[in-house]
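Contents: one structure, followed by commentary.
The values are calculated or read from the model by the stated rules, or taken from the named source; none is laboratory data. Computed from a prediction, not measured in an experiment: that's the story for all the values here. Every residue, glycine as well, gets a Cβ built from its backbone with ideal geometry; the counts of neighbours run over all protein chains shown. We work out accessible area using only protein heavy atoms, side chains counted, and drop any ligands, DNA or RNA first. Shrake-Rupley method; radii C 1.70, N 1.55, O 1.52, S 1.80 Å.
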Amino acid sequence: MENNKKHDILRQFPSVQSILQNNIVVRFTESFPIGFIKEKIENLIKSEKNKVIGFLNSRKDDAVLKDINFTVDFFVKSLAEDLSSFSYSLKKVVNGTGVVIHTNLGRSILPESAIKNVSIISSAYSNLEFNLTEGKRGKRYSHAEYLLEKILKCEKALAVNNNAAAVFMALSSFCGGDRKEVIVSRGELVEIGGSFRIPDIMKASGAILIEVGTTNKTKPQDYKAAINENTALLLKVHQSNFRMSGFVSGLSSEDIVSIGKEHNIPVMEDLGSGSFVGLEKFGLPYEPTAQEVVKAGVDIVTFSGDKLLGGPQAGIVAGKAAYVDMIAANPLSRAFRIDKMTLAALEAVLFEYLDIERAVKNIPTLFLIAQTEKEIRKKSVKLLNKIKIADNIDKNLLDFKIIKDLSIVGGGALPDYMLNTFALRIAHKEISASGIGKFFRSCNTPIIGKIKNDEYILDMRTILEDDFKHILNALVLISR
Ligand SMILES: *Cc1c(COP(=O)(O)O)cnc(C)c1O
């Protein structure tokens, strides 16, 4: 086809400007930036034009062009469809993995009280660093401090950006400038996902790592023999995401504290997950709580805000006032300081812990761990019943079954402990398990499941009733 004709046909498309002037599109600009809408329109026109060029180049009958829609209305409708599925890059997903504290999926879900407080504090000015009694500059840290000290029964506490920052700041404060030594058991030189490795963080902080004991056994004598005038700290690190079994022994917090006292050297413990609630309450194996570690006499204990605590990303530093003050005075505390939205969430979460029963009920992380098999099964049946009565979900194509399964807590807590759970197995006549996974991840509200023995399953432990609608929606779409 000669170029002139092509040109004539392409000229029939409406201009971007004419679409932007459409009344409906003008209303869209109230909800979306104009540049974003413009780019969408340009892309829509481009893709229609490419279709036409394809037709023309393949010398198909001009009649084909009748199917091409050149009207403004057509583009407005396509644009509306495009915008209706808009979402930010960071979006809500349905967690069907059963891992309660899943670092890739945002770790802890906040309790209602924290969400409300974040909204209030972030939508107005606040007394973040303002002392209302004295009418002058106040302390950002005071807002979480009073509750942490009450709950942990420690002299002083500080909340920073995350636990990695807490550990880094503490090591740098104890040893930083003068390259002092920190003694750690070889069984605790762990890597906690990402790039957090105890030996690396130690090096970066300026501390010199002194490894003692062996991988499986460390004895009091190993610590004692390594102590010299350059020793600044005895450090105990929670093994978090692995467990050793067999011929294994290490020192308890109390054991290390007594060595520290004997030699007048401070003791720090990086608890990792750090729970305020005894896990045995949920039928899980015993792990010392943060309160117990403080009580054992550890000088500084650090742990995460968004693991077992169930709050926002944060790092808690708690212990003896002199050391917490020293860490707070470190110039790094400015770089690692906690944000006001985090602080708003953290204060509300900590407040829940003033009543443990209430905390277990209101804090999703605790609630999801505490669910009984019976409760999870009941939730599964409820979802399955909703699927059964949905007539736009094709039961000839799809097959559903509630099966027994195992889930884990995650977040480095109890890595070898499995919790009994129930899962919904979804099979599709024409789509493989990984195909279902891919389809579900592509939904407006993505659903993340797991594949086990070549079958696609959704672990119901981490699925909330509020997620049901998204699952039902995905099942309708995959029925087509
Ligand atoms: C998770 C963990 C960290 C890192 O905590 P973040 O809050 O993720 O920075 C440090 N130490 C231990 C033992 C951990 O389990």
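Overview of values
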read-out: Rg/Rh ratio calculated on Cα atoms of the stretch 110-362 (Kirkwood radius); value: 0.98
read-out: Whole-percent carbon and sulfur share, accessible surface of the stretch 395-480, 1.4 Å; value: 50
read-out: For Glu155, distant residues with modelled amide H under 5 Å away; value: Gly319, Ala321
read-out: Accessible area of the chain divided out per residue, in Å², using a probe of 1.4 angstrom; value: 50
read-out: Heavy-atom accessible surface of the stretch 110-362: percent carbon and sulfur, 1.4 Å; value: 51
read-out: Proximal charge balance of Leu20 [Cβ under 13 Å; K/R count +1, D/E count -1]; value: +1
read-out: Length-normalised contact order for the stretch 110-362 - Cα pairs under 8 Å, 6+ apart - percent; value: 27
read-out: Taking all pairs of distinct alpha-carbon atoms in the stretch 149-213, Kirkwood radius in angstrom; value: 12.9
read-out: Residues with amide H under 5 Å from that of Lys452, placed H, sequence gap 5 or more; value: Ile457
read-out: Heavy atoms of Thr372: accessible area, 1.4 Å probe, square angstrom to 10; value: 70
read-out: In Hz, Karplus ³J(HN,Hα) per residue of the stretch 138-146 (6.51, -1.76, 1.60; θ = phi - 60°; x = Gly, Pro); value: x, 10, 4, 6, 4, 5, 9, 4, 4
read-out: In order through the stretch 425-442: 3J(HN,Hα) via Karplus (6.51 cos²θ - 1.76 cosθ + 1.60), integer Hz, x for Gly, Pro; value: 8, 10, 10, 10, 4, 10, 10, 6, 4, 5, x, 4, x, 5, 4, 5, 6, 8
read-out: Length-normalised contact order of the stretch 228-297 in % [C-alpha pairs under 8 Å, at least 6 apart]; value: 36
read-out: Dimensions in Å of the stretch 217-358 - Rg and Dmax from alpha carbons; value: 16.6, 48
read-out: Estimated FRET transfer efficiency when R0 is 51 angstrom, pair Glu149-Ser89 (beta carbons, to 0.05); value: 0.85
read-out: For the stretch 3-84: relative contact order, % (alpha-carbon pairs under 8 angstrom, 6 or more apart); value: 44
read-out: Long pairs among Lys116/Lys156; Lys91/Lys469; Lys38/Lys77, criterion Cα-Cα beyond 20 Å; value: Lys116/Lys156
read-out: Of every Cα-Cα pair in the stretch 190-284, the percent that sits beyond 19 Å; value: 49
read-out: Percent of alpha-carbon pairs separated by more than 15 Å within the stretch 338-425; value: 71
read-out: Label-point separation, Ser119 to Ile389 (7 Å along Cα→Cβ), nm; value: 2.9
read-out: Spatial separation of Cα centroids for the stretch 210-254 and the stretch 428-453, in angstrom; value: 44
read-out: Highest-first arrangement of 28-35, 345-352, where packing means the average Cβ count within 10 Å; value: 345-352, 28-35
read-out: 0 to 90° range, to nearest 10: angle between helix 340-352 axis and the chain longest Cα axis; value: 60
read-out: Cα extents of the stretch 3-84 along the three principal axes, largest first (Å); value: 43, 22, 17
read-out: Packing-based order for 298-310, 39-51, 129-141, 264-276, using average beta carbon neighbours within 10 Å, highest first; value: 298-310, 264-276, 39-51, 129-141
read-out: Degrees, to the nearest 10: 253-263 long Cα axis against longest axis of the chain; value: 50
read-out: Vicinal HN-Hα couplings computed from phi for the stretch 395-407 (Karplus, 6.51 cos²θ - 1.76 cosθ + 1.60; Hz; Gly/Pro x); value: 7, 7, 8, 10, 10, 10, 8, 8, 10, 6, 8, 10, 10
read-out: The stretch 145-171 and the stretch 272-306: distance between their alpha carbon centers, rounded to Å; value: 13
read-out: At R0 = 22 Å, FRET efficiency that the Cβ-Cβ distance of Ser15 and Phe36 yields, to 0.05; value: 0.75
read-out: Accessible-area composition of the stretch 3-84, carbon plus sulfur, in percent [1.4 Å probe]; value: 49
read-out: Rounded, prolate or oblate (a/c below 1.5 giving rounded, otherwise prolate when a/b exceeds b/c) for the chain by Cα gyration tensor; value: prolate
read-out: Inter-part distance where the stretch 82-129 and the stretch 182-207 are each reduced to a Cα centre, Å; value: 30
read-out: Angle in degrees between helix 112-122 and the longest Cα principal axis of the chain, rounded to the nearest 10; value: 80
